[in-house]
Each structure stands twice: as C-alpha cells, then as structure tokens.
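**Student:** Sharing a structure here in structure tokens format.
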Amino acid sequence: MTESSRGDEPPALALQDIDKRFGATRALTSASLRVRPGTVHALLGENGAGKSTLMRVAYGMERPDAGMIRVRGAAVRLNTPADAIALGIGMVHQHFTLVPVMTVAENVALGDHGALDLQRTSAELRELSDRTGFALDPQVRVEHLSVAAQQRVEIAKALMRRARILVLDEPTAVLPPSESATLLRWLRSFADQGNAVVLITHKLGEALSVADDVTVLRRGRTVLATPAANATTASLTDAMLGSADAGEQSTRAPAGSRAEGGPAMPPVFRAERVTVVDAAGVMRVREASFVIGAGEIVGIAGVEGSGQRELLRALAGRLPIASGILERPKAVGFVPEDRHRDAVLLDRPLVENIALRGAAVRHGIIDWGAIRTHTESLMRSFDVRAAGPRAPMRTVSGGNQQKLVLARELDADGATGPRAIVVENPTRGLDVRAAAQVHARLRSIRDTGAAVALYSSDIDEVLELASRMLVVYAGSVREAAVDRDVVGRLMLGAEPRGRR
C-alpha cells in the first residue's frame, strides 16, 4: 500500500486496520482510510470490495471486529448511527431511506430528537435551501419528487443534523449527467468550506475530476491511498482489479465454450440498436445490439447505474424499449434480485405463488386441483423442500424459495417455442449449499436448451456460470469473453490490456 503524507493536521475521519466478518465471509481485512478536512476523498473498488461496509462502520451501522476509528484526532466508539451523527458524520445511502407518503419536512424531522415542530423544521429547510441552492419545498410529498430531489432531501437530513463529514454511497448512479455535475459541484463547495466528503463511486473519471485524495479497496483490503493528482484512470483500474503480473488470476472461459464468435444455437433474444429509457425519462441503454442463443448462459455485467437493470427488464418484458428492435419469446421467465418484494407472496401458500405465473392472462375458473398437482410436480423436479404445496411461503428457507421461483418462471404454462429466463442476483442471501443448488439448476436449464441472461453483483459468480459476457457501461453494451480482467476493465470504462 502507498500513502501520501497528510501533514500534522489530524484527519477529519480515520479508520485504521478495520476487520469485519459476516459469518464465514471476511468483508474487511486491516482496511484503512484517512480523510483530511477540507477535501473530497474518493473511495473506489469493485463490487464487493468492502467500500460500503467500511463506511457503514464509520457511520455506526456495523461494529468492527478489530481496528480503531478516530474523528478529528480523537478515538471514538460508534455503536449506532446516532453516535456518528452526534460527532458530525452524515451518510447518504445508495438506496434512499425516505418515506414516500411523507412530506420533505416530515422526512427531515423523522428520527430527530425533542418535540416535533414541523413549522420550525420547514423554516430551517427553507434557510438551508437558500444557502445550498437545493430548492426544496418542505410541504411537498417525497413521492412527487424526482430522484435528484430525493437525494437532496437525504443530504438535507444530514446537514440539518450539523454534519461536517458527509459520506455518499454511489450518489450519481441514478442521476443523469447534468444532475451529476450539479451534485459534484456542490460537494466541492461543501469541502472547500472546511468540511470533508467521502465519495464512494465506480466512475473513475468522476473521482479524478472532483477528489483531492483517493483510496482503493480490493477484496476488503486497502491497496492504494494517494493524492488524486498522482493517479490516472489506468493506475486506479490496475489497483481495483489487481495486476496479472502480481499473481491475480483471471477467470477464463473453459475450453469448448462459446466465449468467442457468438452463440452456435438459434437466437432466442435478438437486439438491434435498442435504446431503453427509465421511468424518469433518462436514457439508460443506448443503441445496443446483441444476440442470446438457445442453450447458453450469457452474463450481464455492469457497475450500479450503468444501465444493466433496465436492459434486464427490457429482456424480461417488464420495461418497453424506446427505439430499435428487440425480438424475444412471448413467455420469458424473470427472477428479480429482491424475491420478497417482486417475486413471491410470503403469507400465501406455495400453490398460490405458482399460480401467479400467467395470472394476468388467465380466464375462467381456476382449477386449484390442477395447480396443486403442478406445484407438487415442480417441487419434485426442482427439489423444493417444504411441508407441502399448502405451506406458507414464509415458512420455506431462502434457498427453497429461490428454487420455487426458478421453477415457476421456467414453466412456459403450455406455451410453445424456445424457453428463456432473465435472472438477477440468483444467490443473494443464500448459504453455500443453496447457492450451489441454484447454480446447478441454472446449468441444467441451459442444457435443456433454454436461453439464460444472468446478472449478479458478484462478478465472479457470473464468470463461473457464463459462456459469454455482455458488459454495460454508461448505457453502451459490449460483448466480451469470460475473462475477469477484460470484463472488469470494460465495467470501469477502460480498454482491456493491450488495446489502450
């Protein structure tokens, strides 16, 4: 690890030799970070490198197993976020914590101390808006705000609690370029007033444009700490991904795979110059062209906010395309990343969850006897272990819930034609045994001729299963071989080695 001299002034925030485990998984190993007052500090790393975990430690959301935390030179113990807030630390999470049906003032007041005084909160918000240029109306419900305005509410919550150290986790991932530029200018101004900013981002150009210092985590360890002036996109990419010369192993496609030259089987998905726009009208995928064939798993890779979420939903038929041609089967299975929110009814029995497939087009009287028999057949075929088809979904383990969703979504319900399935984070929250079973089922699905589009925030999981890769970066889609170094560089907007 290299680190520049910080002078004699104590850092605004320092984390030293932080260790953190979650069961058998080691998330952080002797990770360190020093944030100088009056600076923007970029915290970089691949998905799963430990960036968010380290900052959750700094915000009192996670207690470290070992290590030291200092705020303005003083050693502190942070047991809860309230401890961090009292010390002037604020955090804006990647997924907002606002209550949509409440007003801006109510959200800002939520969780504060003392008697509720919305009139006073509204007045302070107006003063803050005038001072920062955030233009927040305290009386507007959050559900009526744009994503950028909701983010400003989250920042306002921290500032109203006198935050001098502001942590932002991927703040520009959901913003269009103009809004991103506005936010970065404000962060620069906030730091120039003597405050400190920690900016977690995957966007290397963004980091270099605004940061004074940069720290890189790789697999839970701090591997680089340097002034931004001494860094380049290439050097940061090398630090994030590791050097092949230093012993880092690439994951490459096995012999005989279809990593090069496209699918050998008939196309199931075919995209020609496809553009996808999100609900806010922001273009997320730009003129993408590719094919996914029968009998293959194609991995989708991209850092948060690159457009892969919208691409997957377009393939699944959940999001219309804005332009271009997208050929896809009428029946496409979809396994979303959050099964509890988007895929199952936890308080209803398994048989009713299976009945959700095709519910929108089903007519007439439901034959529950036939659906029960079908559910039992799927449970046997996919080894779903439960008390029976009438067992509430909530009583079934996470791995068996996931297998039931896979079984349901692969069932064509009598339809003819090629089978296809879009899968997001298929093993999130599962133990090793359940994850292995899901992987085996995805391979089995592929071997029966189905086309599988697979995304996981764990890039190694995708590389293990896929025969080809589609990498999404800032809305563009490029095909790549199953090679960790190549895919990692494309995810960061860098060219693979030898093509610079």
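**Student:** Which one of Ala386, Ser397, Val472 is farthest out on the positive end of the charge dipole of segment 267-491, using unit charges on Cβ (Lys, Arg +1; Asp, Glu -1) and the Cα centre as origin?
**Tutor:** The residue sitting most towards the positive pole is Ala386.
**Student:** Still on this structure, I have one more. Given the options Tyr455, Gln308, Val422, identify the residue whose Cα lies farthest towards the positive end of the charge dipole of segment 267-491 (+1 on Cβ of Lys, Arg; -1 on Cβ of Asp, Glu).
**Tutor:** Val422
**Student:** Now a separate question. Taking +1 at the Cβ of each Lys and Arg and -1 at the Cβ of each Asp and Glu, which of Thr103, Gly50, Val142 sits farthest along the dipole of segment 13-246 towards its positive end, judged by Cα position relative to the Cα centre?
**Tutor:** Result: Gly50.
**Student:** Which loop-located trypsin sites (Lys or Arg not before Pro) does segment 1-99 contain, where loop means any DSSP state but H, G, I, E or B and the Cβ has at most 12 other Cβ atoms within 10 Å?
**Tutor:** Qualifying residues, ordered by number: Arg77.
**Student:** Of Lys20/Lys403; Lys157/Lys203; Lys51/Lys403, which ones are farther than 28 Å apart at the Cα?
**Tutor:** Going by Cα-Cα distance, Lys20/Lys403; Lys51/Lys403 fall outside the 28 Å limit.
**Student:** Sticking with this structure for a sec: Please state the Cα pair-distance histogram of the chain with 10 angstrom bins from zero: what percent is in each bin?
**Tutor:** Histogram of Cα-Cα distances, whole percents per bin: 4, 17, 25, 26, 18, 8, 1, 0.
**Student:** With each label point set 7 Å from Cα along the Cα-Cβ vector, what nm distance links Ala115 and His439?
**Tutor:** Here the modelled spin labels are 6.0 nm apart.
**Student:** In addition: Under 5 Å between amide H atoms, partner at least 5 residues away or on a different chain: which partners does Asp383 have, H built in plane at 1.01 Å?
**Tutor:** Long-range HN contacts for Asp383: none found.
**Student:** Nearest 20 debye, what's the magnitude of the dipole of the chain about its Cα centre given +1 on Lys and Arg Cβ and -1 on Asp and Glu Cβ?
**Tutor:** I would put it at about 620 debye.
**Student:** Among the DSSP beta bridges whose two residues both lie in the chain, what percent are antiparallel, rounded to the nearest 5?
**Tutor:** 55
**Student:** Restricting to Cα pairs below 8 Å that are 6+ residues apart, what does the relative contact order work out to for the chain? Please round to a whole percent.
**Tutor:** In percent, rounded to a whole number, it is 16.
**Student:** Using a Cα-Cα cut-off of under 17 Å, which aspartates and glutamates could be cross-linked to Lys330, ignoring same-chain neighbours fewer than 8 residues away?
**Tutor:** Of all the aspartates and glutamates, those that pass the test against Lys330 - Cα under 17 Å, at least 8 places apart if same chain - are Glu409, Asp411, Asp413.
**Student:** Quickly estimate the mean residue ellipticity at 222 nm for the chain, helices only: each DSSP H run with n ≥ 4 gives -39500 (n - 2.57), and the total goes over all residues, rounded to 500.
**Tutor:** Value at 222 nm, helices only: -9000 deg cm²/dmol.
**Student:** List the trypsin sites (Lys or Arg not before Pro) in segment 189-229 that DSSP assigns to loop (not H, G, I, E or B) and whose Cβ has at most 14 other Cβ atoms within 10 Å. Which are they? Show your work: numbers first, answer last.
**Tutor:** Values: sites: Lys203, Arg218, Arg219, Arg221; in loops: Lys203, Arg219.
In loop regions of segment 189-229 (DSSP not H, G, I, E or B), there are no sparsely surrounded trypsin sites (Lys or Arg not before Pro).
Values quoted throughout were computed directly from the atomic coordinates according to the rules given, and no laboratory measurement underlies them. On a predicted model such as this, the values are computed, not experimentally measured, just so you know. All Cβ positions, glycine included, derive from the backbone under ideal geometry; neighbour counts span all protein chains shown.
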